[in-house]
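One structure is given here, and the rest of the page talks about it.
The values are calculated or read from the model by the stated rules, or taken from the named source; none is laboratory data. Only a predicted model underlies this, so the values are computations on that prediction, with no experimental measurement involved. Cβ placement follows ideal geometry from the backbone for every residue including glycine, while neighbour counts extend to all protein chains displayed.
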Amino acid sequence: MKMFNCRNGLILVLGALVVLVGAPPLRADNMTASPDGPEAVRIYFTEGEALVKVFGKDAQVAAEDWVPDEDQRERIESALGRRLTETGFVFHRGRQGERDLGWAIVLEEKGRFKPITFMVQVKQDGEVGMVLVMVYRESRGDGVKRQRFLKQFRDRDVDDTLRLNRNIVGVSGATLSSRALTAGVRKALVLGSVNSGGNP
Amino acid sequence: MSRRRTIVRESHHGLGLIGSAVILLLAVTGFGLQHPTWFGRTVAGACAVAADPRVEGRLLRAAPALLEVSEDGGTGWRDLPLSAVPDQPVAIRFHGPAGEVWLLGETELLKSTDGGLIWDEVALPAAVGLDEPACDLTLLAGRPVVVTRRGAWTAGEAGAWVELWHTPLSGSDRARAWFHRLHTGRWGGALVPRFYDADTLHQIHDDIEGALGSEVHAGDVVVHFDPCRPPYCKGCAVEDCPVRSTPFESRVPLDRGRAVRDDAAAEPPPD
């Protein structure tokens with residue numbers, strides 16, 4: 001029996017073409033429309049879930065709004081080397097009974113095209129406890145959500161100059177997302193320091 | 001016949017072993033890439049350097065994700081605080097006596113007005129991006145000129161970019177871009193800027209609606225930007241919508257007749 005004749009070959013080629021051309025629209029089905037075109041929005045944690053993850057389900061968490069004054073903004077911008085685009089921040093302070101569990105903040109940093117939303121938890125002693133990627137919006141590079149990358153930030157404090165490729169190793173294929181997270185954790189530490197009266 | 005069968009069988013075994021080795025290599029290295037700390041940091045050299053005209057011996061240099069300053073003509077270097085340095089720095093340019101300095105990456109542009117201590121991000125022309133990375137920067141009458149391999153833009157009045165020249169994509173370039181998008185998932189879709197400033201968004205919305213309104217009868221066209229508003233709910237079939245106030249009824253037919261009828265219904269009766 002001649003299995004691979006001309007007709008079968010043609011069907012195979014056409015089938016492959018259908019798969020290739022059909023793949024992007026199929027991918028688009030899994031995407032959520034956004035103001036800047038189709039994007040792969042992946043929500044790993046809502047704010048509530050992230051707070052439970054970093055503080056535990058029995059913790060009492062109080063949100064505290066903070067609008068830095070002019071002097072505080074200057075100190076933050078000097079320490080970060082860039083302008084602040086936000087006007088205010090929300091610190092989530094966790095307690096379990098009398099025990100102070102530190103604070104957590106939700107920030108956004110631009111990856112290649114779109115912002116990555118993440119939470120940084122800082123322990124009572126000012127060192128990073130946990131970092132969680134909450135929302136990732138790009139089609140590539142979500143390897144930064146893994147703790148094998150994020151755990152590099154643990155126990156760092158505001159005196160650590162976090163630098164990609166120097167003391168933080170980026171995820172291959174997700175360099176800009178790695179850079180965004182690195183800059184974001186540094187920002188959280190600087191915000192915490194200035195909020196508590198420090199001068200980073 | 002028997003010899004031929006032996007050759008085929010041995011070749012099959014050999015190919016199988018080679019294939020297995022390749023798959024194993026891919027699996028191990030792929031697993032390794034997901035564990036960045038195993039391989040240590042990437043050592044990246046500086047690829048953009050510029051001398052500060054205000055201070056003798058002061059230099060800025062940028063490497064991927066690293067910006068440094070030297071105060072002694074390049075002997076000693078220290079980090080500047082900016083941690084969001086462009087991934088692929090292309091050029092640093094100082095301008096004027098006031099400490100204005102520009103830092104261009106392949107897909108990013110930053111500006112500092114204090115010699116490089118604090119930076120602001122400046123949006124690049126829409127055409128500059130992964131498909132057309134920036135490759136040079138110069139300053140013309142104090143305004144940045146961003147150059148790619150196919151075009152150049154300068155900042156015009158009110159910060160808008162003005163095209164100086166731009167060569168359209170050739171057929172082979174378009175085919176290459178098509179294949180690239182096919183493999184990278186960056187396929188199709190209208191790319192509209194993301195706005196963080198509601199006033200800018202409203203202004204652009206009004207401009208677009210005004211421009212369209214000048215081409216067609218006023219009221220024939222409604223420009224709608226997200227986020228949705230409750231009046232759109234009955235014509236919108238999006239599931240699990242967080243702002244839905246009424247259930248979906250039917251799609252609004254996109255025809256001129258309906259728009260005219262709705263518009264006419266709202267008009268006062270003629271005298």
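Brief remarks on what is shown
- Test: residue in region B:195-203 that is more than 14 Å from every other protein chain (Cβ to nearest Cβ), in a helix (DSSP H, G or I) and at pLDDT 70 or above: yes
- Test: residue in region A:142-153 that is closer than 18 Å to residue A:53 by Cα, touching an Asp or Glu at 6+ places or on another chain (Cβ under 9 Å) and among the β-branched types (Val, Ile, Thr): no
- Test for residue B:131: is it within 14 Å of chain A (Cβ to nearest Cβ), within 17 Å of the chain's Cα centre (by Cα), modelled with pLDDT under 85 and more than 21 Å from residue A:80 (Cβ to Cβ): yes
- Filtering region A:93-131 to residues that are of a type in the set (D, E, K, R) and within 22 Å of residue A:43 (Cβ to Cβ) leaves A:108, A:109, A:110, A:112, A:114.
- Count of region B:81-137 residues, restricted to those that are under 16 Å from residue B:58 (Cα atoms) and either of a type in the set (Val, Ile, Thr) or touching a His at 6+ places or on another chain (Cβ under 9 Å) (or both), is 4.
- Boolean, residue B:112 is modelled with pLDDT under 85 and buried (at least 19 other Cβ atoms within 10 Å of the Cβ): no
- Condition check for residue A:161: surrounded by 19 or more Cβ atoms within 10 Å (Cβ to Cβ), under 18 Å from residue B:87 (Cα atoms), of a type in the set (Ser, Thr, Tyr) and facing another protein chain (nearest Cβ under 7 Å): no
- With a requirement of 1 or more residues that are closer than 20 Å to residue A:82 by Cα, the strands (runs of 3 or more DSSP E) lying completely within region A:96-184 that satisfy it span A:99-110, A:115-122.
- Hits in region B:124-169 (condition: under 30 Å from residue A:140 (Cα atoms) and in contact (Cβ under 8 Å) with a residue 40 or more places away in the chain): B:126, B:130, B:131, B:133, B:134, B:135, B:136, B:137, B:146
- The lone criterion from (1) within 13 Å of another protein chain (Cβ to nearest Cβ); (2) in contact with an Asp or Glu (Cβ under 9 Å, 6 or more places away or on another chain); (3) in a strand (DSSP E or B) left unmet by residue B:91 is number (1).
- Some residue of region A:139-162 being aliphatic (A, V, I, L, M) and more than 20 Å from residue A:104 (Cβ to Cβ): no
- Verdict on residue B:29 being in a helix (DSSP H, G or I) and among the β-branched types (Val, Ile, Thr): yes
- Taken over region A:64-76, the criterion of being part of a strand (DSSP E or B) and either surrounded by 11 or more Cβ atoms within 10 Å (Cβ to Cβ) or in contact (Cβ under 8 Å) with a residue 60 or more places away in the chain (or both) is satisfied by A:64, A:66.
- Matching option when the condition is assigned to a strand (DSSP E or B) and modelled with pLDDT of 85 or more, among B:10, B:56, B:68: B:68
- Qualifying residue in region B:73-85 (condition: within 12 Å of another protein chain (Cβ to nearest Cβ) and closer than 30 Å to residue B:176 by Cα): yes
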